[in-house]
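**Student:** Structure incoming, see below.
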Amino acid sequence: MTEEKIDIEAASKEVELVSKRLALLHLAYAKTITEELGEERGKELALKSIKRYGRWIGEKRREEIEEKGLEPIPENFSEGEALRIPRFGMHSHLEETEDSTKLYGCTMGKLWRGYGEEELGKLYCYVDPAKYMGFDEDYIQVHKKAMPAGDDCCEFVVRRSTDKEKELFRSDDEDFSFADEHLRDDP
C-alpha cells in the first residue's frame, strides 16, 4: 500500500469542508424543527440536543483524562484528544491568554452568517458550556464574544459554575439558554 501525504493547507481545506457540512446539518435540523413545532418549542428541542451532544463530548474527554491518570480539572481539559476541535480548518487562528481563548474566522459562524441564520446557528454554540459541564460540572465555558451573535470573533472564558447552573444542567426539562448569557437574545 502506498502512503499518500498531503500538506497542512490541503488538510485544512478538507476539515473546513466537513465543518461547513456539520454547520449546515445543524442548521437544517434546527430550521426543520422550528418550522414544524414553532420557534419556541423548536429552539427548546435544538438546545436540548446540543446540551446532550456537549455532555457526551465532555464525558468522553473526562474518561480519556482519567484513563491517562490525570485529575479531571479544567487545567487538564486540553490534555485530552477525545472529540476536540480540530487545530486547523474550523477557524483561521487562535489567540490564547491566561484568561481566555479567542477564535477568529469560525467556519461554522461564517456559514450561518452567509445563510442569514445566525439566530439558529448560534444554538450550536451552546455545545461549549455543555461540554465543559459534562467534563466537570463545577466549571462552565462561556462566550464573551461569538461570531453568530454579531461579534468579530469567538472568545471563551472558563469560570466556576453556580449551584443554579449545575441544577439546570442536570435537568432534562429546563431551558438550556441559561448557560451562556452572551448567546441569549435577552441577556
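The values are calculated or read from the model by the stated rules, or taken from the named source; none is laboratory data. All of these numbers come straight from a predicted model, not from anything done at the bench. Methodologically, a virtual Cβ is constructed for each residue, glycine included, from the backbone with ideal geometry; neighbour enumeration extends over all protein chains shown.
**Student:** Residues in the range 105-135 that are of a type in the set (Asp, Glu) and touching a Gly at 6+ places or on another chain (Cβ under 8 Å): how many?
**Tutor:** Number of matching residues: 2.
**Student:** Since Lys164 meets every condition but one in (1) surrounded by 12 or more Cβ atoms within 10 Å (Cβ to Cβ); (2) of a type outside the set (S, T, N, Q); (3) over 21 Å from Leu27 (Cβ atoms), which condition does it not meet?
**Tutor:** (1)
**Student:** Within the range 114-127, take every residue that is touching a helix residue (DSSP H, G or I) at 6+ places or on another chain (Cβ under 7 Å) and without any contact (Cβ under 8 Å) to a residue 60 or more places away in the chain and give me the one that is farthest from Leu47 (Cα to Cα).
**Tutor:** Filtering the range 114-127 for residues that are touching a helix residue (DSSP H, G or I) at 6+ places or on another chain (Cβ under 7 Å) and without any contact (Cβ under 8 Å) to a residue 60 or more places away in the chain, the one farthest from Leu47 (Cα to Cα) comes out as Glu118.
**Student:** Further question on the same structure: Conditions first: (1) over 27 Å from Asp185 (Cβ atoms); (2) part of a helix (DSSP H, G or I). Ala28 passes all but one, so which condition is the exception?
**Tutor:** That leaves (1) as the condition not met.
Here's the yes/no breakdown for (1) among the charged types (D, E, K, R); (2) out of contact with any strand residue (DSSP E or B) (no Cβ under 7 Å at 6 or more places or on another chain); (3) over 29 Å from Glu67 (Cβ atoms):
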{"position": "Thr107", "(1), (2), (3)": "no, yes, yes"}
{"position": "Glu119", "(1), (2), (3)": "yes, yes, yes"}
{"position": "Tyr124", "(1), (2), (3)": "no, yes, no"}
{"position": "His143", "(1), (2), (3)": "no, no, yes"}
{"position": "Asp175", "(1), (2), (3)": "yes, yes, yes"}
{"position": "Phe178", "(1), (2), (3)": "no, yes, yes"}
{"position": "Arg184", "(1), (2), (3)": "yes, yes, yes"}
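**Student:** Quick one: how many residues across the range 75-122 are within 20 Å of Ile57 (Cβ to Cβ), out of contact with any Lys or Arg (no Cβ under 9 Å at 6 or more places or on another chain) and modelled with pLDDT under 90?
**Tutor:** Total satisfying the criteria: 7.
**Student:** Sort through Glu36, Glu16, Glu66, Glu95 and tell me the only one that's loosely packed, with under 14 Cβ neighbours inside 10 Å and closer than 19 Å to Cys154 by Cα.
**Tutor:** Going through Glu36, Glu16, Glu66, Glu95 in turn, just one is loosely packed, with under 14 Cβ neighbours inside 10 Å and closer than 19 Å to Cys154 by Cα: Glu95.
Conditions tested, residue by residue: (1) acidic (Asp, Glu); (2) in contact (Cβ under 8 Å) with a residue 60 or more places away in the chain; (3) closer than 28 Å to Lys48 by Cβ.
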{"site": "Glu71", "(1), (2), (3)": "yes, no, no"}
{"site": "Glu75", "(1), (2), (3)": "yes, no, no"}
{"site": "Tyr104", "(1), (2), (3)": "no, no, no"}
{"site": "Pro129", "(1), (2), (3)": "no, yes, yes"}
{"site": "Lys145", "(1), (2), (3)": "no, no, yes"}
